[in-house]
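Peer 1: Here it is, the structure, as C-alpha cells.
The values are calculated or read from the model by the stated rules, or taken from the named source; none is laboratory data. These numbers come from a predicted model, not from an experiment. Using ideal geometry, Cβ is built from the backbone for each residue, glycine included, and neighbour counts are taken over all protein chains shown. For the accessible areas, the whole protein counts, side chains as well, though only heavy atoms, and no ligand, DNA or RNA atoms are used. Shrake-Rupley method; radii C 1.70, N 1.55, O 1.52, S 1.80 Å.
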Amino acid sequence: MFDFVSPFKLRERGIMGMNQRNFSYIGRYNDRALYPNVDDKLKTKKLAIESGISVPDLLGVVHFQYEVNRVFDILKDHDGFCIKPAKGSGGKGILVILKTDENGYMKASGEYVPREEVVRHITNILAGLFSLGGAADVAVIEALIQFDPTFKGLSHEGVPDIRIIIFQGYPMMAMLRLATHASDGKANLHQGAVGVGIDIATGKAKRAVQFDRPITHHPDTDKSFADVAIGNWDRMLTLAAGCYEMSGLKYLGADIVLDKEKGPLVLELNARPGLAIQIANGMGMLPRLKHIESMDHRRTASIEDRVNYAKTHFND
C-alpha cells in the first residue's frame with residue numbers, strides 16, 4: 001500500500017504520478033492528431049479489423065434520430081447485446097442486455113427495461129449525453145461478450161476485463177478488473193471494482209486491491225484470487241502489442257476481454273490510461289518505462305519479439 005508515503009519514497013519505488021504521466025509520456029509520445037483512433041470506438045473497431053486485431057462483432061450503428069426505431073430490426077435476431085456511445089468515456093452510457101423475452105430487455109442486474117427505455121438511451125447517446133465534451137455522437141451496437149468460465153465467481157454482474165499498458169509497442173504492465181456490488185457491476189476501480197495485478201510473464205495473479213487496499217477474496221462471492229490464471233495469455237499480449245501499430249500511439253492502455261468461444265477480444269483503447277494499475281501490481285511503472293526508453297528503437301521489433309522481450313524482462 002502507498003498510504004501516507006512521502007513523494008520522495010514514491011519516486012524511490014518507481015511510482016509515476018499524474019503530472020509525470022501527462023507531460024513525460026502522454027504529451028511526449030502521443031500525437032494528439034491520432035487521439036481519434038482511440039477516442040472514437042467505432043473508428044477503433046474499424047482500424048482493428050483492418051489490422052487483424054480481434055474485436056467484438058459489430059451488429060449495427062445508429063447515426064441519426066430517425067434511425068432509432070430501426071435498431072429493433074437488428075436486435076430481434078440477438079438475445080443479448082451491448083449499446084454504447086462511440087465517443088464515451090469512463091464506462092458511461094453503456095447498456096448491456098443479457099437476454100430478451102416477453103418481459104422486455106434484461107440487464108445484468110436482473111432488472112428489465114422496456115423498449116421505450118432502449119429508445120431513450122440511444123437518443124441520449126446521439127445527443128452527446130455521454131460523449132467527450134458533450135458533442136453529438138453515434139450509438140454502437142455490439143454482440144454480447146460470453147465471458148470465459150475461467151472468471152466464474154470472480155465478478156459481480158459485469159464482464160471482467162484485462163487492462164494492459166503498452167509503451168513503444170511493449171506490453172509492460174497488466175491488471176484484471178473485476179466488477180463488484182459496490183461498483184454497480186462496472187469494472188471501474190474508483191467506484192469499488194477489484195484490481196488484480198497480473199504477472200506479464202505468466203498471466204497469473206500477483207495481488208488484488210479494492211479501494212486501494214489489499215484483499216484476498218472477492219467481496220461479493222468470496223472467491224479467492226490466489227489461483228487466478230488468465231487463459232490465452234500469450235494471445236492477449238500479442239493483441240495488446242499490435243495496438244501500437246494499429247493506433248499509432250506510443251503510450252496507451254488496451255482493454256481486453258476473454259470470450260469463451262472467440263478468445264481474447266480488444267474492447268477499447270485508451271490514450272490516457274489511469275495509474276491505479278501500479279497499486280494493483282504493488283509496484284511502479286517508471287523502472288519499466290525507463291527500461292524501454294533506454295532501448296534502441298531505430299528499428300521496430302516484431303510483435304512476437306516485443307512480447308517475448310516483455311515476458312523475459314518484466315517477469316515478477
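Peer 1: Highest first, please rank the peptides 145-156, 24-35 by the mean number of other Cβ atoms sitting within 10 Å of their residues.
Peer 2: 145-156, 24-35
Peer 1: If you don't mind, another one. Can you work out the Karplus-derived ³J(HN,Hα) for every residue in the stretch 260-270? Use 6.51 cos²θ - 1.76 cosθ + 1.60 with θ = phi - 60°, whole Hz, and x for glycine or proline.
Peer 2: Listing the rounded values in order: 5, 9, 9, x, x, 9, 7, 7, 6, 10, 9 Hz.
Peer 1: Would you list, by chain and number, the lysines whose Cα falls below 26 Å from the Cα of Lys45, excluding same-chain residues fewer than 8 positions away?
Peer 2: The reachable lysines, counting only those whose Cα sits under 26 Å from Lys45, are Lys76, Lys84, Lys87, Lys92, Lys99, Lys107, Lys186, Lys250, Lys260, Lys262.
Peer 1: Distance in nm between label sites at Glu293 and His181, each 7 Å beyond Cα in the beta-carbon direction?
Peer 2: Output for this residue pair reads 4.5 nm.
Peer 1: Which ³J(HN,Hα) values, rounded to whole Hz and listed in residue order, are derived for the stretch 73-85 from phi using the Karplus coefficients 6.51, -1.76 and 1.60 in 6.51 cos²θ - 1.76 cosθ + 1.60 with θ = phi - 60°, glycine and proline given as x?
Peer 2: So the J values, rounded to whole Hz, are 5, 6, 6, 5, 9, 9, 5, x, 6, 9, 10, 9, x.
Peer 1: If I compute mean projected area of the Cα convex hull in nm² from the structure I just sent, which labelled value in (i) 16.2; (ii) 38.0; (iii) 29.5 lines up?
Peer 2: It is the value labelled (i).
Peer 1: Right, something else. Check each of the GluC sites (Glu not before Pro) in the stretch 27-128 and keep only those in coil by DSSP with at most 15 other C-beta atoms within 10 angstrom; list them in order.
Peer 2: Filter output for the stretch 27-128: Glu102, Glu111.
Peer 1: Summarise the accessible area of the stretch 110-207 (1.4 Å probe, protein heavy atoms) by the percent that is carbon and sulfur. Spell out each step's value before the answer.
Peer 2: On the way: 1850 of 3570 Å².
Ligands and nucleic acids excluded, carbon and sulfur give 52 percent.
Peer 1: Would you mind calculating the gained length between Glu116 and Tyr66 on full extension (0.36 nm times residue separation, minus the Cα-Cα distance), in nm to one decimal?
Peer 2: Residue separation times 0.36 nm, minus the Cα-Cα distance, leaves 16.5 nm.
Peer 1: Here is a further query. Relative contact order, percent, of the stretch 181-316 when contacts are C-alpha pairs under 8 Å separated by at least 6 residues? It would help to have the intermediate numbers written out before the result.
Peer 2: Numbers: 169 pairs, mean separation 33.7, N = 136.
RCO, the stretch 181-316: 25 percent.
Peer 1: Same structure, new question: Taking only C-alpha pairs under 8 Å that are 6+ residues apart, what is the relative contact order of the stretch 37-131 in percent?
Peer 2: Reported as a whole number, the value is 24 percent.
Peer 1: Going by amide H atoms built from the backbone, whose H comes under 5 Å of the H on Phe167, apart from near neighbours?
Peer 2: Met172
Peer 1: Here is a further query. Taking 7 Å along the Cα-to-C-beta vector as the label spot, tell me the Glu50-Asp222 distance in nanometres, rounded to one decimal.
Peer 2: According to this spin-label approximation, the distance is 5.2 nm.
Peer 1: Here is a follow-up. May I ask you to evaluate 6.51 cos²θ - 1.76 cosθ + 1.60, the Karplus curve with θ = phi - 60°, for each residue of the stretch 152-168 and list the ³J(HN,Hα) values in order in whole Hz, giving x for glycine and proline?
Peer 2: Per residue, the Karplus-derived 3J(HN,Hα) values read 4, x, 9, 8, 9, 6, x, 7, x, 9, 10, 9, 10, 8, 10, 10, 6 Hz.
Peer 1: Give me the extension gain from Asp31 to Asp101: residue separation times 0.36 nm, minus the current Cα-Cα distance, reported in nm with one decimal.
Peer 2: 20.6 nm
Peer 1: Ignoring ligands, DNA and RNA, please state the percent of accessible area on the stretch 219-316 from carbon and sulfur, probe 1.4 Å. Write out the running numbers ahead of the final one.
Peer 2: Numbers: 1900 of 4270 Å².
Carbon and sulfur: 45 percent of the exposed surface of the stretch 219-316.
Peer 1: Please state, to two decimals, what the Cα-based radius of gyration of the stretch 130-277 comes to when divided by 2.2 N^0.38 Å (N = residues).
Peer 2: Computed over Cα atoms of the stretch 130-277, the ratio equals 1.02.
Peer 1: Summing Lys, Arg as +1 and Asp, Glu as -1, what charge do residues with Cβ under 14 Å from the Cβ of Gly110 carry, Gly110 excluded?
Peer 2: -2
Peer 1: For the stretch 73-126, what is the Kirkwood estimate of the hydrodynamic radius, computed as the reciprocal of the mean inverse distance between distinct Cα atoms, to one decimal in Å?
Peer 2: 11.6
Peer 1: So with the 1.4 Å probe, I'd like the accessible area per residue for the stretch 133-240, rounded to whole Å².
Peer 2: Dividing the accessible area of the stretch 133-240 by its residue count gives 38 Å².
Peer 1: Using Cα atoms only, what is the angle between the long axis of helix 41-50 and the major principal axis of the chain, expressed in degrees (0 to 90) to the nearest 10?
Peer 2: Between helix and principal axis, roughly 70 degrees.
Peer 1: Probe of 1.4 angstrom, ligands and nucleic acids ignored: what's the accessible area per residue over the stretch 23-102, in square angstrom?
Peer 2: Value for the stretch 23-102: 54 Å² per residue.
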